[in-house]
Amino acid sequence: ILLLAVIITSIFADDIGKRIIAELNKQLTTELTVKDVDMSVISTFPNAAANLNGVVLMGANDDVLLEAEKISFRLSLFSLLSKKIRVKSVVVSNGALTVNVDKRGKANYDIFKSDETPETPETEDKDGGSGPVISLAEARLVDMQLIYQDEKAEQEIMAEEVNASFSGEFSSSRFDLKSKATLVSRFADIGEKRFLPGKKLGYDAQIFVDMDAGKYEFKEVQLEVESNTFNVDGSIETTDESTFFDLFFNSEKSSLADMIKLLPDEYLATMADFESSGDFVVKASLKGAYNDRENPEIKAEINLEDGRITSDAMDGTLKDVSFNATFDNGRNRSNKTSSFHIKDFKGYFNRQLLELSLDVDDLDDPQIDFAMDGIVPVGMVYGFIGDPRIQKGGGKIEVKNLVLKGRYEDMIRTTRIDRVEAGGELEFDDAYLQIEDENLMLDRGILSLHGNELAVTQLELDGPGSELLFEGKAFNVIPVIFADSINSQGAELGFEARLKCKTLDLDRLLKLTLVDEEEASEAAAKEINVDSLKTDRIRQREKLTSFLKGTFIAEIDEYNYNQIEGKDFRGELKFISNEMAITGKTQAMGGEFDLDGNMYFRDEPYLVSRLTCNQVNIKQFFQESENFGQDILTDKNLEGNLDAKIAIYAYWDEKGNFLMDKLRILGAIGLVNGELKDFKMMENFSTFVKIKDLQQIKFTNLQNFFEISNRKIYIPVMFIQSNALNLTVSGEHTFDQEIAYYLKVNAAQVLANRFKSYDPSLKPQKARRKGFFNLHYAILGTVDDFNVKSSKSRVTSDFEQSERRKRDIQAALEKEFHTIIKMVDEPQDWRDIPENESVSDEFLWEN
């Protein structure tokens, strides 16, 4: 018999395949195409199988509806010998079903001809009605992919590993349908929310189907979502105009933690590892008609008693948790009449009680009523901040009668916030976060909320190397809390506060806000994009400062930044629209500084600062500034007191990297009683001066301008009067140690210095031109390899250009500081003697 079956199928394979395809296409408004057809009988005996390979079925929108590696039709073996071939079941395997509903509600699966569709000559049965009779009793999907897109409802679902079976007397109008399915959800996007990422789903259902009445009665139905199991009872009935629901859902085999896993994707980052126990019950019902005009009644209730909640993000267990949560879409079965309530939430953490309640009415225009009272241990909540650098938390925050009541739309708008009822207190008791290896502690203090005003009383912040005390008040706290990148409504946190600080370690505090080298290395080891991490930190800081509008009056007794140490800072910090303006006075480096600057917190931050130095010790200035990153002229070479006005323009990229190429600094400096000691470059002037004189050079009042830009230091032409040598000099010095210095010396002084004895008093040389002519030299090359050329024309040209640069710097500084800044010219007695202009510069230089 088996051999006979094989022979029969081999004879009829091609004809049967064509007849099945033709019969299917007769029922479709689109086309089914097949790559090839084969038949098998051994694996399906006593039935035969017609296998359509490489199947493509087009949808109503001219896109592919179904692709499958194989569709196998199971046939009655002996019906192959009759005019009517009977198809019993079908298996669709290794493919994808793509369902699409466009914005007009048209579905791409609407491809079956109606009873009224007339037969065309091409679709009429040419054999007088001998086509296959497809009378299915079973259908199966094997390893399929499902893609569902509903543009009208803004929904998109993708699932993989779809395996399903359907059985029943499908040829009858009334039958029992048995079906099972398992699948893995890639995602389910509803609006802008993503649900069920990577979740295992399934069902086991027995449903009575009445096709004539359009009714489906759920006899035994179980839905499984991960480890949640829901029992479904009731019925669904469809008519031309409506779908009527009468369904009841309940679950006694689930947990709060499992339900949390069903939340939208963005909430799962800090909540996905929740574990829970306790008496947890979920009930829901769906009753009424669904059509274009009305929605069914939806009610849901969740209860938890004697619960325990744990998480890797919590240092301990929340115990004895109980609450009741309900949802009801209300009288009109719409968002407008919907309400959500959490009643009698209670829980104990380390024997500390926390209670809260929440009522939300009208989801179109939410009316919120929130209340909270009790102890919030920092160890319970620090892990949910979402910053991996936070390693630990401790202490507690006592919440006293915190209430928030009003319309959400009023809460997010500063112009309506006075309509919101708000009040309560937060009292801190040794509440701390351990950020990497540093502790940041709110030692004590109270935040009191009264309507739109938040009062800060004796709030002590102990940070790394820092002790700060805050007092003041803030406004618009609630609109700022509810603000986000899409819906900020122009919220600004207005504040007036006083900051008193005994010590302030800026290095260690700033390290907490930026990505340092250690964190960057750890991120790279974990294959985390370090640049993205840096960019995120910059954007977080930008977002925070965008909400700030107010003034800190600051008094800082002692502070440090890198090697810089200062004291007695008195000034103000003003914030507005991503800008921080700082003004104040401080003592540092043996002198006094007046600071007036603006920091702009943008995607690419930048700084504009005006610094006035008064009697600053130049040795300390170089030492604490770490010699500005160079080792040619250092603090070991300098003595004297510095007066200066300096304008600084500094820039960073979106990752927080300092842009040295864009750095620009303008300065006007005056050095009183200055000394230059053991400066190696000065030994090159030994042609003019005795080496001993060059080892310690004492200046009179030295004044000039300078500019740093394009990675160069520009020194405009200036006159230097010292014990060793008088000269006029200008030059450029790059950050790569390339130099171009131009100088003028007096020949008479050169000759005198060659023969005179060493002067231990270090008395400056007189500035005079009497008795000889001036010499002009250009020093070009690098610090380690340079040439000296005698060239009056080159020196004179550079002096003229640098005079123009000097006046440009002067004008820019006067604009920044709003004051007149005087220039110091070369003394009259030092200027070139016209009658000696023709004398050669080739004189007395040895290199």
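Which members of segment 327-339 meet the condition of being crowded, with 16+ Cβ neighbours inside 10 Å and either closer than 20 Å to residue 370 by Cα or not basic (Lys, Arg) (or both)?
327, 328, 329, 330, 338, 339
Could you list, in sequence order, all residues of segment 141-169 that are touching a residue at least 40 places away in the same chain (Cβ under 8 Å), surrounded by fewer than 17 Cβ atoms within 10 Å (Cβ to Cβ) and either among the aliphatic types (A, V, I, L, M) or assigned to a strand (DSSP E or B) (or both)?
143, 147, 148, 153
Output the number of residues of segment 360-369 satisfying the condition of being surrounded by fewer than 16 Cβ atoms within 10 Å (Cβ to Cβ) and either touching an Asp or Glu at 6+ places or on another chain (Cβ under 8 Å) or in a strand (DSSP E or B) (or both).
Just the residues of segment 360-369 that are surrounded by fewer than 16 Cβ atoms within 10 Å (Cβ to Cβ), to begin with: 364-365, 369.
Then drop every residue that is not either touching an Asp or Glu at 6+ places or on another chain (Cβ under 8 Å) or in a strand (DSSP E or B) (or both), which leaves 365, 369.
Result for segment 360-369: 2.
Taking the residues in segment 782-803 that are outside any loop (DSSP other than H, G, I, E, B) and among the polar types (S, T, N, Q) as candidates, determine which candidate is surrounded by the most Cβ atoms within 10 Å (Cβ to Cβ). Don't jump to the end; show me each part of the working.
Of all residues in segment 782-803, those outside any loop (DSSP other than H, G, I, E, B) come to 782, 786-790, 792-803.
Next cut, among the polar types (S, T, N, Q) only: 782, 787, 790, 793, 796-797, 801-802.
Working: 782: 11, 787: 9, 790: 16, 793: 10, 796: 14, 797: 12, 801: 14, 802: 22.
So, considering only residues that are outside any loop (DSSP other than H, G, I, E, B) and among the polar types (S, T, N, Q), the one surrounded by the most Cβ atoms within 10 Å (Cβ to Cβ) is 802.
So which of 305, 398 ends up being surrounded by fewer than 17 Cβ atoms within 10 Å (Cβ to Cβ), more than 30 Å from residue 247 (Cα to Cα) and not polar (S, T, N, Q)?
On the way: 305 fails: more than 30 Å from residue 247 (Cα to Cα).
None of the others qualify; the one that does is 398.
Check residue 213 against each of (1) part of a strand (DSSP E or B); (2) farther than 20 Å from residue 150 by Cα and name the one condition it does not meet.
So residue 213 meets the others, but not (1).
This table checks each residue for (1) in a loop (DSSP other than H, G, I, E, B); (2) of a type in the set (A, V, I, L, M); (3) touching an Asp or Glu at 6+ places or on another chain (Cβ under 6 Å); (4) over 23 Å from residue 360 (Cβ atoms).
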{"residue": "284", "(1), (2), (3), (4)": "no, yes, no, no"}
{"residue": "289", "(1), (2), (3), (4)": "no, yes, no, yes"}
{"residue": "300", "(1), (2), (3), (4)": "no, yes, no, no"}
{"residue": "303", "(1), (2), (3), (4)": "no, no, no, no"}
{"residue": "327", "(1), (2), (3), (4)": "no, no, no, no"}
{"residue": "337", "(1), (2), (3), (4)": "yes, no, no, no"}
{"residue": "341", "(1), (2), (3), (4)": "no, no, yes, no"}
{"residue": "344", "(1), (2), (3), (4)": "no, no, no, no"}
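Among the residues in segment 610-624, are any touching a residue at least 60 places away in the same chain (Cβ under 8 Å) and either loosely packed, with under 15 Cβ neighbours inside 10 Å or in a helix (DSSP H, G or I) (or both)? So that I can check it myself, show each step before the final result.
Keep residues of segment 610-624 that are touching a residue at least 60 places away in the same chain (Cβ under 8 Å), which gives 610, 612, 623-624.
Add one more test, that the residue is either loosely packed, with under 15 Cβ neighbours inside 10 Å or in a helix (DSSP H, G or I) (or both), and what stays is 623-624.
Within segment 610-624 (the criterion being touching a residue at least 60 places away in the same chain (Cβ under 8 Å) and either loosely packed, with under 15 Cβ neighbours inside 10 Å or in a helix (DSSP H, G or I) (or both)), the answer is yes, since at least one residue qualifies.
Pick from segment 571-589 the residues that are assigned to a loop (DSSP other than H, G, I, E, B) and surrounded by 15 or more Cβ atoms within 10 Å (Cβ to Cβ): which of them is modelled with the lowest pLDDT?
The initial filter retains those residues of segment 571-589 that are assigned to a loop (DSSP other than H, G, I, E, B), namely 577-578, 589.
Next, only the ones that are surrounded by 15 or more Cβ atoms within 10 Å (Cβ to Cβ) stay: 578, 589.
Values: 578: 82, 589: 93.
So the residue we want is 578.
Kindly evaluate residue 200 against the criterion of being at pLDDT 85 or above, within 26 Å of residue 137 (Cβ to Cβ) and surrounded by fewer than 16 Cβ atoms within 10 Å (Cβ to Cβ).
Values: at pLDDT 85 or above: yes; within 26 Å of residue 137 (Cβ to Cβ): no; surrounded by fewer than 16 Cβ atoms within 10 Å (Cβ to Cβ): yes.
Here the answer is no, as residue 200 does not meet what is asked.
When you scan segment 443-495, how many residues do you find that are part of a strand (DSSP E or B), of a type in the set (D, E, K, R) and either at pLDDT below 90 or in contact with a helix residue (DSSP H, G or I) (Cβ under 9 Å, 6 or more places away or on another chain) (or both)? Steps first, please.
Within segment 443-495, the first condition is being part of a strand (DSSP E or B), and the residues that meet it are 443-450, 453-463, 466-475, 493-495.
Next, from what is left, pick out any that are of a type in the set (D, E, K, R): 443-444, 453, 460, 462, 467, 471, 473.
Next, only the ones that are either at pLDDT below 90 or in contact with a helix residue (DSSP H, G or I) (Cβ under 9 Å, 6 or more places away or on another chain) (or both) stay: 453.
Within segment 443-495, residues that are part of a strand (DSSP E or B), of a type in the set (D, E, K, R) and either at pLDDT below 90 or in contact with a helix residue (DSSP H, G or I) (Cβ under 9 Å, 6 or more places away or on another chain) (or both) number 1.
For segment 571-598, what are the residues that are touching a helix residue (DSSP H, G or I) at 6+ places or on another chain (Cβ under 9 Å) and not small (Gly, Ala, Ser)?
Those that are touching a helix residue (DSSP H, G or I) at 6+ places or on another chain (Cβ under 9 Å) and not small (Gly, Ala, Ser): 575, 578, 579, 580, 589, 596.
Could you check how many residues of segment 370-387 are of a type in the set (Val, Ile, Thr) and either in the same structural domain as residue 353 (by TED's automatic domain parsing) or touching a Lys or Arg at 6+ places or on another chain (Cβ under 6 Å) (or both)? Quick ask: steps written out before the conclusion?
So in segment 370-387, the residues of a type in the set (Val, Ile, Thr) come out as 375-376, 378, 381, 385.
From what is left, the residues that are either in the same structural domain as residue 353 (by TED's automatic domain parsing) or touching a Lys or Arg at 6+ places or on another chain (Cβ under 6 Å) (or both) are 375.
Result for segment 370-387: 1.
What's the total number of residues in segment 170-179 that are surrounded by 16 or more Cβ atoms within 10 Å (Cβ to Cβ) and either in a strand (DSSP E or B) or touching a Pro at 6+ places or on another chain (Cβ under 6 Å) (or both)? Full working, then the answer.
First, pick out the residues of segment 170-179 that are surrounded by 16 or more Cβ atoms within 10 Å (Cβ to Cβ): 170, 175, 177-179.
Remaining after also requiring either in a strand (DSSP E or B) or touching a Pro at 6+ places or on another chain (Cβ under 6 Å) (or both): 175, 177-179.
Final tally of qualifying residues: 4.
Yes or no: segment 374-397 includes at least one residue that is within 30 Å of residue 510 (Cα to Cα), among the charged types (D, E, K, R) and either part of a strand (DSSP E or B) or more than 30 Å from the chain's Cα centre (by Cα) (or both). Steps first, please.
So in segment 374-397, the residues within 30 Å of residue 510 (Cα to Cα) come out as 376-397.
After this cut, where a residue has to be among the charged types (D, E, K, R) as well, the list is 387, 389, 392, 396.
From what's left, either part of a strand (DSSP E or B) or more than 30 Å from the chain's Cα centre (by Cα) (or both): 392, 396.
The answer is yes; a qualifying residue exists.
May I ask you to list the residues in segment 309-324 that are under 17 Å from residue 396 (Cα atoms) and assigned to a loop (DSSP other than H, G, I, E, B)?
Result: 313, 314, 315, 316.
The values are calculated or read from the model by the stated rules, or taken from the named source; none is laboratory data. All figures in this text were calculated on a predicted structure; none of them were measured in a lab. Cβ: placed from backbone, ideal geometry, glycine included. Neighbour counts: every protein chain shown.
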